[in-house]
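Chemist: I'd like to ask some things about the structure below.
What follows is calculated from the coordinates using simple rules that are stated; it is not laboratory data. On a predicted model such as this, the values are computed, not experimentally measured, just so you know. In this analysis, Cβ positions are derived from the backbone assuming ideal geometry, glycine residues included, and neighbour counts consider all displayed protein chains.
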Amino acid sequence: MAEALITSWGRVLRARHPVLSMAGRHAALPALPEGSPHLLAFGNGRSYGDSCLNIGGSLLAMRQLDRMISFDPATGVLACESGVLLDQILQLAVPQGWFLPVTPGTRFVTVGGAIANDVHGKNHHRNGTFGRHVQCFELLRSSGERLLCSPTEQAGLFAATIGGLGLTGVVSWARLQLQRIASPWIHNETIRFRSLDEFFALCLASDRDYEYTVAWIDCTSGGKQLGRGLFMRGNHAPAAAAPAAHRLRVRRFPFVPPVSLVNRPSLLAFNALYYHRQLGERRHSVEHYTKFFYPLDGMLDWNKMYGPRGFYQYQCVIPLPQGQAATAELLRAIADSGLGSFLAVLKLCGDLPSPGMLSFPRSGVSLALDFPNAGPRLHALFERLDAIVGAAGGRLYPAKDGRMSGAMFRDGYPAWQPFLDHIDPGCSSSFWRRVMA
Ligand SMILES: Cc1cc2nc3c(=O)[nH]c(=O)nc-3n(C[C@H](O)[C@H](O)[C@H](O)COP(=O)(O)OP(=O)(O)OC[C@H]3O[C@@H](n4cnc5c(N)ncnc54)[C@H](O)[C@@H]3O)c2cc1C
């Protein structure tokens, strides 16, 4: 057992944890060190707040379980260990004509992490969440049991583990259904919109014919420009669409600056430039999948640019029809506050049900924004946003959260009570203790 200083992606919270490891996927869960009451599986630490931390307990490092088990290129069924990164799956599957059925905005998350947060992506309106494409997985419980879980076997534990925040046990391996593609290329169209009304009209006009839709929104603009942004819609392209030459560049953010580089002047300048980055109202392009799905992965360690105090992400989903008015109210509150970031994403989620008891995605409008950690001023804004989200029947995403109240969590996730029956008594997290306190 080693001890290590672990921080989550937002870099607000950091603490030393005993870090345990697994000898292999067939091995039993390791014994807890003396004084540690529980453990939490730790994937690749891409959760922003405290859902991947277990301060006062232990973490179980899952990245070591990084082997592929089987892949059938005829059917696209893949079995792998839970510490495999989505990036590893893409490297194996894309050259053979297969792709992830659902992917979040970074490919550096593990399969176990994708299951435990039931992640979603730009095709939520078509494919729903990651968990819908999981055929089965093995769950290790602190009792020593190894349970094969699927929609028909151990169905209760299957539903509790998908989106279950690592609290029902440790997933050792999983079997997934991938999706056929013709090439690694995406036909992308970017359309400038001037208001939320235009955004919703674009969603309605696009969701049938486009597999991927998402919008960047200028969170600094209020008044007549409230809700302006860029709408991206795309489909997988045939191999013949590939450009003659292309270069994939990955850089690394080199250091933690003494203060956040994201501040009011840099934000205003960036947002205005980004909104006007294309000359015409519409721009067509053919993009490699890494650029289309994972623009942030092109700059490793980009989270350091927020300086030593780190940052928060606020992500909510609000059902329609209240979603439209509530989104306008949220954007007004954010613009008035002068806080916010250039990372502001709006997406209309579809109505395919999520399989997990505590899955975040639901039909409605989802807004996600990063905020440099500005202390009490930011927390006052968050309370205002919570009130708008709560009144409109929405909820916040635990994977992105490090501060919501227990009441906000329990109101947003009424299945928390039946979920309690499935928790492994040997597992816990800082997030869970906070929202259950
Ligand atoms: C740049 C960026 C973009 C993102 N975009 C999106 C997005 O578009 N959509 C979206 O849904 N999310 C998004 N996320 C969030 C991210 O997808 C989730 O937080 C994901 O769960 C992180 O996976 P991880 O492997 O890093 O797990 P960690 O963050 O380490 O852990 C997450 C949870 O998974 C549990 N867990 C990990 N492994 C196992 C296991 N083997 N068994 C049981 N439980 C386990 C942990 O206990 C914890 O509760 C984004 C994150 C970043 C940094």
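Chemist: I want the local charge near L381. Using Cβ-Cβ distances under 12 Å, sum +1 for each Lys or Arg and -1 for each Asp or Glu among the other residues.
Modeler: Values: positive: R332, R377, R384, R403; negative: D336, E383, D386.
So the surrounding residues net to +1.
Chemist: Subtract the Cα-Cα distance of S266 and E189 from 0.36 nm times their separation in residues, and report this length gain in nm to one decimal. Could you put the intermediate results ahead of the total?
Modeler: Details: separation 77, 0.36 × 77 = 27.72 nm, distance 2.69 nm.
Length difference between fully extended and current span is 25.0 nm.
Chemist: Related question: Excluding R434 itself, what net charge comes from residues whose Cβ is under 14 Å from its Cβ, given Lys and Arg +1 and Asp and Glu -1? Don't skip to the answer; put the middle values down first.
Modeler: Details: positive: R403, R410, R433; negative: D50, D401.
Overall, the nearby charge balance is +1.
Chemist: Assuming R0 = 22 Å, can you tell me the calculated FRET efficiency for the pair R384 and V259, based on Cβ-Cβ distance, to the nearest 0.05? Show your work: numbers first, answer last.
Modeler: Details: r = 25 Å, r/R0 = 1.14.
The value I calculate is 0.30.
Chemist: To the nearest 500 deg cm²/dmol, what mean residue ellipticity at 222 nm is calculated for the chain from DSSP H runs of n ≥ 4 alone, each contributing -39,500 (n - 2.57), summed and divided by the residues? Intermediate results must be reported in sequence, preceding the final value.
Modeler: On the way: 12 runs with 104 residues, N = 437.
Estimated from H runs of four or more residues: -6500 deg cm²/dmol.
Chemist: Also: Filter the GluC sites (Glu not before Pro) in the stretch 249-346 to those in DSSP coil with at most 10 other Cβ atoms within 10 Å of their Cβ, and list the result. Don't skip to the end; give the middle numbers.
Modeler: On the way: sites: E281, E287, E329; in loops: E281.
Taking the stretch 249-346 and a limit of 10 other Cβ atoms within 10 Å, the loop GluC sites (Glu not before Pro) found are E281.
Chemist: Sticking with this one: Calculate, in nm to one decimal, what S150 and A333 gain on full extension: separation in residues at 0.36 nm each, minus their alpha carbon distance.
Modeler: Values: separation 183, 0.36 × 183 = 65.88 nm, distance 4.30 nm.
Roughly 61.6 nm would be gained on extension.
Chemist: Placing +1 on the Cβ of each Lys and Arg and -1 on the Cβ of each Asp and Glu in the chain, which of Y289, G402, G390 has its Cα farthest towards the positive end of the resulting dipole?
Modeler: Y289
Chemist: Under a 10 Å cutoff between Cα atoms, tell me which one of S363, S206, S285 has the largest fluctuation in the Gaussian network model of the chain.
Modeler: So, out of S363, S206, S285, the one fluctuating most is S285.
Chemist: For the chain, modelled as a Gaussian network with Cα springs under 10 Å, which listed residue fluctuates most, D50, D209, D301?
Modeler: Top of the fluctuation ranking is D209.
Chemist: Please give the Cα centre distance for the stretch 105-183 versus the stretch 196-227, rounded to the nearest Å.
Modeler: If we compute the Cα centre of each part, the gap is 30 Å.
Chemist: Once both labels are modelled 7 Å past Cα along the beta-carbon direction, what's the A437-R410 spacing in nm?
Modeler: 1.5 nm
Chemist: Looking at the square roots a ≥ b ≥ c of the eigenvalues of the Cα gyration tensor of the stretch 285-364, which shape do they give, rounded for a/c under 1.5, prolate if a/b is larger than b/c, or oblate? Provide the component values of the computation, followed by the final result.
Modeler: On the way: a/c = 1.74, a/b = 1.18, b/c = 1.47.
Oblate.
Chemist: On a full-extension model of 0.36 nm per residue, what is the gain between L248 and H284, subtracting their alpha-carbon distance, rounded to one decimal in nm?
Modeler: Values: separation 36, 0.36 × 36 = 12.96 nm, distance 1.92 nm.
Difference between extended and current length: 11.0 nm.
Chemist: Sticking with this structure for a sec: Do you know the relative contact order of the stretch 68-181, to the nearest whole percent, from alpha carbon pairs under 8 angstrom that are 6+ apart? Display every interim value, and only then the final one.
Modeler: Working: 214 pairs, mean separation 36.8, N = 114.
About 32 percent, as a whole number.
Chemist: Report the relative contact order of the chain, percent, no decimals, based on alpha-carbon pairs under 8 angstrom and at least 6 residues apart. Spell out each step's value before the answer.
Modeler: Values: 1020 pairs, mean separation 83.7, N = 437.
Value for the chain: 19 percent.
Chemist: What does the charge count near M404 come to, summing +1 for each Lys or Arg and -1 for each Asp or Glu among other residues with Cβ under 11 Å from its Cβ? Intermediate values should be presented prior to the final figure.
Modeler: Working: positive: R395, K400, R403, R410, R434; negative: D50, E383, D386, D401, D411.
Residues near M404 contribute 0 overall.
Chemist: Over the chain, with a Gaussian network built from C-alpha contacts below 10 Å, which listed residue (V102, V94, V119) shows the highest mean-square fluctuation?
Modeler: Its mean-square fluctuation being the largest, the pick is V94.
Chemist: Let me ask something else about it. Going by the alpha-carbon gyration tensor, a ≥ b ≥ c the square roots of its eigenvalues, is the stretch 351-437 rounded (a/c under 1.5) or, if a/c is not under 1.5, prolate (a/b greater than b/c) versus oblate? Show your work: numbers first, answer last.
Modeler: Working: a/c = 2.00, a/b = 1.29, b/c = 1.55.
The shape class here is oblate.
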